[in-house]
Amino acid sequence: MSHLTSAPIRCKDIADLRAAAKHFGGELIEAKTFHSYQRGQSCDYAIKLPGVKYEVGIRREKSGDYSLHFDPFGNDALADCGHDGHRLVRTFGKGLGLLTQRCAAETVLRAARKKGVLCSVKTLSNGSLQLRMSV
């Protein structure tokens with residue numbers, strides 16, 4: 001039985017995903033496989049969260065973009081059995097939406113700072129990000 005889910009993302013620079021993962025307390029590492037209900041799922045990188053067994057797998061696609069893969073299976077009762085994918089959802093949002101949003105913000109911030117633009121990010125009460133920039 002497969003629980004594996006893919007999250008759409010348009011990201012060409014792994015540094016932006018690394019910064020996004022770090023924002024949530026995660027660590028992006030080079031890896032050949034990532035941990036999920038199905039063992040041995042292939043990837044190029046993985047995002048690990050402290051205290052969470054399941055990981056987000058990151059694959060480089062032929063287009064040059066990265067794709068995210070994860071297993072949301074689990075709940076607090078099953079976590080003791082090692083099925084804690086729900087903790088990925090709790091941290092990164094449904095469909096990894098908060099992670100992909102943060103990655104997009106990191107891409108914009110990096111490009112703006114490279115041009116000398118002063119930037120700040122504010123998380124709004126609804127979870128969305130507000131980017132402020134000034135020259």
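The values are calculated or read from the model by the stated rules, or taken from the named source; none is laboratory data. As the structure is a prediction and not an experimental result, all values here were calculated from the model. Glycine also receives a Cβ, built like all others from the backbone with ideal geometry; neighbour counts cover every protein chain displayed.
Annotations
- Restricted to region 13-39, and to residues there that are of a type outside the set (A, V, I, L, M, F, W, C), assigned to a loop (DSSP other than H, G, I, E, B) and over 10 Å from the mean Cα position of the chain (by Cα), the residue that is surrounded by the most Cβ atoms within 10 Å (Cβ to Cβ) is SER36.
- Among the residues of region 110-132, those that are without any contact (Cβ under 8 Å) to a residue 40 or more places away in the chain, surrounded by 14 or more Cβ atoms within 10 Å (Cβ to Cβ) and farther than 21 Å from GLY93 by Cα comprise ALA112, CYS119.
- Filter result for LYS115 (farther than 17 Å from THR5 by Cβ and basic (Lys, Arg)): yes
- Residues within region 88-109 that are of a type in the set (Lys, Arg) and crowded, with 19+ Cβ neighbours inside 10 Å, tallied: 1
- ARG10 vs. criteria in a loop (DSSP other than H, G, I, E, B), farther than 17 Å from CYS103 by Cβ and among the basic types (Lys, Arg): no
- Restricting region 82-109 to residues that are of a type in the set (Lys, Arg) and in contact (Cβ under 8 Å) with a residue 24 or more places away in the chain leaves a set whose member that is nearest to PHE34 (Cα to Cα) is ARG87.
- Residues located in region 124-133, provided they are at pLDDT 90 or above and either within 18 Å of ARG18 (Cβ to Cβ) or among the polar types (S, T, N, Q) (or both): SER125, LEU129, GLN130
- Of all the residues in region 15-36, those that are free of Cβ contacts under 8 Å to residues at least 60 places away in the same chain and either touching a Leu at 6+ places or on another chain (Cβ under 7 Å) or closer than 13 Å to GLU55 by Cβ (or both) number 11.
- Residue check for LYS22: at pLDDT 95 or above and more than 19 Å from SER6 (Cα to Cα): yes
- Whichever residue in region 1-11 is loosely packed, with under 12 Cβ neighbours inside 10 Å and either more than 12 Å from the chain's Cα centre (by Cα) or at pLDDT 95 or above (or both) and, among such residues, is farthest from LYS94 (Cα to Cα): MET1
- Only listed residue being free of Cβ contacts under 8 Å to residues at least 60 places away in the same chain, surrounded by 13 or more Cβ atoms within 10 Å (Cβ to Cβ) and in contact with a strand residue (DSSP E or B) (Cβ under 7 Å, 6 or more places away or on another chain), chosen from GLU61, GLU55: GLU55
- For region 53-77, a tally of residues being touching a helix residue (DSSP H, G or I) at 6+ places or on another chain (Cβ under 8 Å) and farther than 19 Å from ALA19 by Cα returns 7.
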